[in-house]
Amino acid sequence: MERYMLRADPYLFGGGEGLRKKIPFVPSPHDVVKKMLSIADPKPDELLIDLGSGDGRMVISAARDYGCRSLGVEIDDVLIDHSRRRIQRLGLKNAEIVKADLHQFDLSDADIVTLYLLPETLKVLKPRLLNLKRGARIVSHDYRIPGLEPDEVYIVRSEKTGRNHLIYLYEID
Ligand SMILES: C[S@@+](CC[C@H](N)C(=O)[O-])C[C@H]1O[C@@H](n2cnc3c(N)ncnc32)[C@H](O)[C@@H]1O
């Protein structure tokens, strides 16, 4: 079942470190993914990382449509298997899913980081995101990084959900 609104759940997010992994899988609709990628505009020599890559749709679209190196970080085995199988079926050599905790994953090579995570998680990630290389772009679906002014805010009306989705762009200088 696909749900299309990522909501904070106090039972999942009130409990500190041990419960961080319980961010639910809620996919970004394909039309939102497309818009996020057009905003990020990955170049073929760039690396895009989707933190919490779900069913791999962002990673796959980036690799297939932009020819960039594309890497998903995911913790859920079922989602990892599903996205790896799709990548293999499509024969995408420039796409990869890594099983890892997004809080531990090294972001130093990233040119683009895409996010569909709750504010609580974005707050924890903030220092590491601010440490991305110069010129890097962060594109966040629906939630802004707490306490950080975005460079641009976009509104996309999704055909799939029938609602407006917000996309925040941050550029590292
Ligand atoms: C809201 S979904 C977003 C999926 C995808 N990025 C998209 O936009 O369609 C968040 C994803 O983060 C994954 N996740 C949750 N905690 C994680 C962790 N600690 N490390 C890696 N992935 C995690 C979930 O399994 C889920 O697939």
Here, residue 169 and residue 25, labelled 7 Å along Cα→Cβ, have an inter-label distance in nm of 3.1
Please give every one of the lysines within straight-line cross-link reach of residue 34, meaning a C-alpha to C-alpha distance under 18 Å, and leave out same-chain neighbours fewer than 8 residues apart.
43, 160
Taking amide H positions as placed 1.01 Å from N in the peptide plane, with prolines and chain starts having none, which residues 5 or more places from residue 165, or on another chain, fall under 5 Å of its amide H?
156, 157, 158
Tell me which lysines have Cα within less than 18 Å of residue 99's Cα, excluding those fewer than 8 residues away on the same chain?
21, 22
So what are the ³J(HN,Hα) numbers for the range 98-112, from phi and the Karplus equation (6.51, -1.76, 1.60; θ = phi - 60°), rounded to whole Hz, Gly and Pro as x?
10, 7, 6, 7, 4, 6, 9, 6, 6, 9, 5, 8, 6, 9, 9
Sparse-neighbour loop sites [trypsin sites (Lys or Arg not before Pro); the range 105-158; at most 12 other C-beta within 10 Å; DSSP]:
133, 134
Directionally averaged projected area (convex hull, Cα atoms, the range 39-96), nm²:
3.4
Let me make sure I get this right: for the range 27-171, a, b and c are the square roots of the gyration tensor eigenvalues over alpha carbons, sorted descending. Under 1.5 in a/c it's rounded, otherwise prolate if a/b > b/c, else oblate. Which is it?
rounded
Value of relative contact order over the chain, rounded to a whole percent, pairs C-alpha under 8 Å and six or more apart
20
Karplus-derived 3J(HN,Hα), 6.51/-1.76/1.60, for each residue of the range 55-60, Hz, glycine and proline x:
7, x, 4, 5, 4, 5
Lys/Arg +1, Asp/Glu -1 at C-beta; the range 62-173 dipole; positive extreme among 88, 150, 127
88
Read phi for every residue in the range 26-37 and hand back ³J(HN,Hα) as whole Hz from Karplus 6.51 cos²θ - 1.76 cosθ + 1.60, θ = phi - 60°, with x for Gly and Pro.
10, x, 6, x, 4, 5, 6, 4, 4, 5, 4, 6
Could you give the length gained by full extension between residue 128 and residue 160, i.e. 0.36 nm per residue of separation minus their alpha carbon distance, to one decimal place?
8.3 nm
Cα-centred dipole magnitude for the range 27-171, charges only on beta-carbon of K, R (+1) and D, E (-1), debye, nearest 20:
280
Once the piece of chain linking residue 153 and residue 43 is laid out straight, how much longer is it, given 0.36 nm per residue of separation minus the C-alpha distance between them?
37.5 nm
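Bear in mind that the values in this text are calculations on the coordinates, not laboratory data. Please read all numbers here as calculations on a predicted model, not as lab measurements. In this analysis, Cβ positions are derived from the backbone assuming ideal geometry, glycine residues included, and neighbour counts consider all displayed protein chains.
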